[in-house]
Amino acid sequence: MLGDNPVPQKGDRVLVPLGKRKTVGIVTGVSETTQLETGRLRSVIRVFNEVAPLSAEWLAMMDFAADYYLRPRGEAALSALPAFFRQPPTPAYDKRLQRLRELKQKKIKHEPAPELNDEQKSAAQAVSSSTGYSPFLLFGVTGSGKTEVYLHIIESTLAADPEAQVMLLVPEINLTPQLEARVRGRFSDTAVVTLHSNLTQLERARSWLALHEGRARILVGTRLAVFSSFKKLALVIVDEEHDASYKGGDGMRFSARDVAVKRAFDNKIACVLGSATPSLETWQQVLKGSYRLLKLTHRAVAAAHLPQMQLVDVSQRRPEVFAPLVKDAVTEAIAAGGQVLIFINRRGYAPVISCTACGWVSRCVHCSGFTVYHKAEHRLVCHHCGTRYEVPSHCPVCGNAEILPVGTGTQRIEEAIAALWPEARLLRIDRDSVRSKSAAESAFKAVHAGDVDIVVGTQMIAKGHDFKRVSLVVVLNADAQLVSPDVRAEERLYATLMQVAGRAGRAERPGRVLIQTRFPNHPMYADLMAQNYEKFAARLLKDRKESASPPFCRQALLLAQARTLDRTMGFLRRAKEKAEGLDSRDVIVYEPVPMPLMRLKDWERGQLLVESASRARLHAFLSVWLQALSQPDARDAGTQWTIEIDPVGI
Ligand code: ADP
Ligand code: ZN
Ligand code: ZN
């Protein structure tokens, strides 16, 4: 019922009563008749028609995302809106809305485009001449000029249609302000907006509205930006498409890359995924012929060479932090006035047991994965199928009694550096040492200015930075990820190492990369040394096919947490029993296991993996299972749970 209000349209935001509260909702349909008794109807309090309704395309996309990721439709749609548009209006709503519409654009010096080389030209040409839904993979090493291709196709897309809008997604915008600056410099006469988590609520609302109303033509944003509302979306670009930070979120854990492709499909437009090390999901699409491959095979700037990479075998050595060869190389590099970057790979660290003499690693006999050491119960557990094993007292291959968790603590590494090079100016960069954006910026500034000799860091130093003075990169701890139980660990490690290696020798200094490893004969390293991604991908895909792992199966993870592990596991066991009573044709439901990081903030966490070769069968099963789990006999007030689709860290 409408009271004195104008008739709302589909896609309008409205203020409605909900119990005693007032809340903002989105109109999903308008009907003149109803089956409900009039007494149960409530009036719309206000229609926010100062802003155009959300488009049918946007509503359909949000419905799709909600259904795919098994979230309530209303929750999904509302959480995709900036707070300003999803909360009940403040008294000054109209005035503030007016101010939001004033899009201030700093005057920026125009940067002319360089002439594209032949490979870049044909890539740009292929995209610009495509019609309808056209997914592409732009595959080229760091520095091969992918960004230049993006800028070129953005330009032709905008030139072809005065209303066209472009969405450019990047994995972490606070680490790549260069890209934003490059886009703004190239398109100095065009309205460019950004959307990412470092903006204030009002800045976000301003960008969102400018896109919704078609005033902004280019969006540079991170994962959340994928749900923006456009007047006329004409091109989608996802840079570093393999990056794990596209997947995540607190409520709905979605893949921004996958949603971006879906939007291109719905809008019947081109979609360009760019990477030097594509995800196997994307690479498989290329092999199947679903995505078109565009290749850039060499660096765009002739003087910049790919760095020289070398493995340092530390399998036969007592576990000191640095091998002698690495020690000498660091000392030399500092003496020559270069910077040294020491990369500690903490990601994917799970306590895997390994023999210090022969490199044996404990495996599950039923699965292709490694087993994880659970200290509390002193057992090895397979996180794929749940099988438990005794911890052997001796290596089953060589009989050595020293079998230890793989990996060295960061603390030990820092102490070793300080002891070996006491004169060197040392800077640590990771999420703990630089918590704020400004702290990160000043840390990176110090590196660029040459105020630092040795930089020690994690993932944060691997991405995108153009450190001109770095002449040596040392990689420690890579092995931990090589024997991780996560099926994507090897793929990620390859991508990370290629990216870290890309930090060396970016200017005139030749770059050198030293990787300490106890598994120098691992095939991943051979592919890495040859810098041959295609060979690497072929081998991994063959493995994945044989073990029916992603992308050859679809997975979902039931995640649960309670204050005690018994309670968590009790819920998961009931969930498994429930599943057995349902139609689970072509679906495998595994045993519940504690999560790799079992205890987090006093929550004891567990998981249960479900998979199927068929996405449709998996979803059919999940929607019935989801209902069964909400029934009184499965529920437990002390246990929180959620289902994650296409999980990435099992
Ligand atoms: P990527 O995105 O693949 O890492 P970029 O587009 O950032 O590569 O290019 C790397 C460097 O080469 C940049 O400094 C860029 O300005 C330069 N560059 C790219 N294409 C060309 C070109 N056709 N002519 C001259 N310089 C180029
Ligand atoms: Zn052994
Ligand atoms: Zn197993």
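A few comments on the model shown:
- The charge dipole of region 1-108, taken about its Cα centre with unit charges on the Cβ atoms of Lys, Arg (+1), Asp and Glu (-1) only, comes to about 720 debye.
- Stretchable slack from SER436 to ARG96, in nm (0.36 nm times residue separation minus alpha-carbon distance): 119.5 nm
- Potential lengthening between ASN400 and GLU50 on full extension [0.36 nm per residue; Cα-Cα distance subtracted]: 118.5 nm
- In angstrom, the C-alpha Rg and Dmax of region 57-126 are 20.8, 58.
- Packing here is the average count of other Cβ atoms within 10 Å per residue, and on that basis the peptides 213-226, 51-64, highest first, run 213-226, 51-64.
- Convex hull volume of region 118-296 per residue (C-alpha atoms, cubic angstrom): 113 Å³
- The charge dipole of the chain, taken about its Cα centre with unit charges on the Cβ atoms of Lys, Arg (+1), Asp and Glu (-1) only, comes to about 1180 debye.
- For ASP543, solvent-accessible area (1.4 Å; no DNA, RNA or ligand), Å²: 80 Å²
- In region 118-296, a dipole from Cβ-located charges (positive for Lys and Arg, negative for Asp and Glu) runs towards its positive end, and of LEU224, ILE237, ALA264 it is ALA264 whose Cα lies farthest in that direction.
- Share of alpha-carbon pairs per 10 Å distance bin for region 554-645, given as whole %: 18, 52, 26, 4
- The chain: C-alpha pair distances exceeding 41 Å, %: 33 percent
- Residue order for ARG503, ARG40, ARG46, ARG469 - accessible surface, 1.4 angstrom probe, largest first: ARG40, ARG469, ARG46, ARG503
- Dipole size of region 118-296 about its Cα centre, with +1 on Lys/Arg Cβ and -1 on Asp/Glu Cβ: approximately 300 debye, rounded to the nearest 20.
- Here is the list for region 586-650: trypsin sites (Lys or Arg not before Pro) lying in DSSP coil, each with at most 13 other C-beta atoms within 10 angstrom of its C-beta, are LYS601, ARG635.
- At the residue level, THR194 shows approximately 10 square angstrom of accessible surface with a 1.4 angstrom probe and all protein chains present.
- Across all directions, the average projected area of the convex hull around the alpha carbons of region 145-230 is 5.2 nm².
- DSSP-loop chymotrypsin sites (Phe, Trp or Tyr not before Pro) across region 494-552, with at most 13 other Cβ within 10 angstrom: none
- In terms of distances greater than 24 angstrom between alpha carbons, the cross-link table entries LYS104/LYS231; LYS106/LYS268; LYS121/LYS231; LYS109/LYS232 yield LYS106/LYS268; LYS121/LYS231; LYS109/LYS232.
- For region 1-53: rounded, prolate or oblate by the Cα gyration tensor [a/c cutoff 1.5]: oblate
- Protection proxy ranking of 413-419, 394-400, 309-315, 452-458, by the mean of other Cβ atoms within 10 Å over each peptide's residues and highest first, is 452-458, 309-315, 413-419, 394-400.
- Whole-number D in µm²/s for region 127-168 (Stokes-Einstein; Kirkwood sum over Cα pairs; 20 °C, 1.002 mPa s): 186 µm²/s
- Calculated FRET efficiency for the pair LYS268/ALA548, C-beta based, R₀ 35 Å, to 0.05: 0.55
- For region 95-146, the list of trypsin sites (Lys or Arg not before Pro) that fall in a loop by DSSP and count at most 15 other C-beta atoms within 10 angstrom reads ARG101, LYS104, LYS106, LYS107, LYS109.
- Note on GLU57 and LEU626: their simple-model spin labels are 2.6 nm apart, each label 7 Å out from Cα toward Cβ.
- Listed residue (PRO135, ALA560, PHE322) projecting farthest to the positive dipole end of the chain, Cβ model: ALA560
The values are calculated or read from the model by the stated rules, or taken from the named source; none is laboratory data. Keep in mind the model is a prediction, meaning the values are calculated, not measured. As a convention, Cβ positions derive from the backbone with ideal geometry for all residues, glycine included, and neighbour counts pool all protein chains shown. Note: accessible area is taken over every heavy atom of the protein model, side chains too, but ligands, DNA and RNA are not part of it. Shrake-Rupley method; radii C 1.70, N 1.55, O 1.52, S 1.80 Å.
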